[in-house]
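Please read the structure below before turning to the comments.
The values are calculated or read from the model by the stated rules, or taken from the named source; none is laboratory data. Here the structure is a predicted model, which means the values were calculated and not measured. Note: ideal-geometry Cβ built from the backbone for every residue, glycine included; neighbour counts use all protein chains shown.
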């Protein structure tokens, strides 16, 4: 057996399909972020999306080159996005999640075994750095989910039964649903009763 053949040197090489799917996703995401970021800057918004888009495009290029630097650069993007998102939105889950969710999912994808093998050199340190960024972002999202500042815990006193009836200008006027604030559904009128028959 020839141990110098490519198959012998790379018995666990990643599939070309995985490589090109990863690159295509990163390219499309980067182009979209840059384009929308430019539009956002034009109307006075944050420059973050242009910067993030350029980072993603650079990661796509590094993945194409099979460079371990892709993992470090993506980890830097994720750390930076986490800091920016918390500063901008706080720990409001519904504001934090849209800023992090896709980036976290893409980070997990880069760490999966069949994607991890895309890189030609040992990737242990780069993988650990990216894993730390993914885990920290996940912790921030979990914390936000259970400590949402939009949730207000309080109590409401039951006062409906003792609420005074609103004064009506005429006895037959119903000024609230059910006639009174207590919802009694009682009319003081006497012209219509159980003995009244339609003509």
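Would you check if there is a residue in segment 87-103 being in contact (Cβ under 8 Å) with a residue 60 or more places away in the chain, under 30 Å from residue 16 (Cβ atoms) and assigned to a helix (DSSP H, G or I)? Talk me through it step by step, then tell me what you get.
The initial filter retains those residues of segment 87-103 that are in contact (Cβ under 8 Å) with a residue 60 or more places away in the chain, namely 102.
Subsequent filtering for residues that are under 30 Å from residue 16 (Cβ atoms) retains 102.
From what is left, the residues that are assigned to a helix (DSSP H, G or I) are 102.
Scanning segment 87-103, I find at least one residue that is in contact (Cβ under 8 Å) with a residue 60 or more places away in the chain, under 30 Å from residue 16 (Cβ atoms) and assigned to a helix (DSSP H, G or I), so the answer is yes.
Residues to consider are 190, 184; find the one that is in a loop (DSSP other than H, G, I, E, B), modelled with pLDDT of 70 or more and farther than 27 Å from residue 82 by Cα.
Details: 190 fails: modelled with pLDDT of 70 or more.
One residue alone meets the criteria, 184.
Matching residues to (1) within 19 Å of residue 22 (Cα to Cα); (2) at pLDDT 90 or above; (3) crowded, with 16+ Cβ neighbours inside 10 Å:
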{"position": "78", "(1), (2), (3)": "yes, yes, yes"}
{"position": "83", "(1), (2), (3)": "no, yes, no"}
{"position": "107", "(1), (2), (3)": "yes, yes, yes"}
{"position": "118", "(1), (2), (3)": "yes, no, yes"}
{"position": "124", "(1), (2), (3)": "no, no, no"}
{"position": "128", "(1), (2), (3)": "no, yes, no"}
{"position": "132", "(1), (2), (3)": "no, yes, no"}
{"position": "138", "(1), (2), (3)": "no, yes, no"}
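Which condition number does residue 8 fail, the rest of (1) more than 23 Å from residue 79 (Cβ to Cβ); (2) in a helix (DSSP H, G or I); (3) in the same structural domain as residue 105 (by TED's automatic domain parsing); (4) at pLDDT below 95 being met?
So the condition that residue 8 fails would be (3).
What do you reckon, is residue 67 surrounded by fewer than 17 Cβ atoms within 10 Å (Cβ to Cβ) and not in a helix (DSSP H, G or I)? Please lay out each step first, then the result.
Details: surrounded by fewer than 17 Cβ atoms within 10 Å (Cβ to Cβ): no; not in a helix (DSSP H, G or I): yes.
Criteria not met by residue 67.
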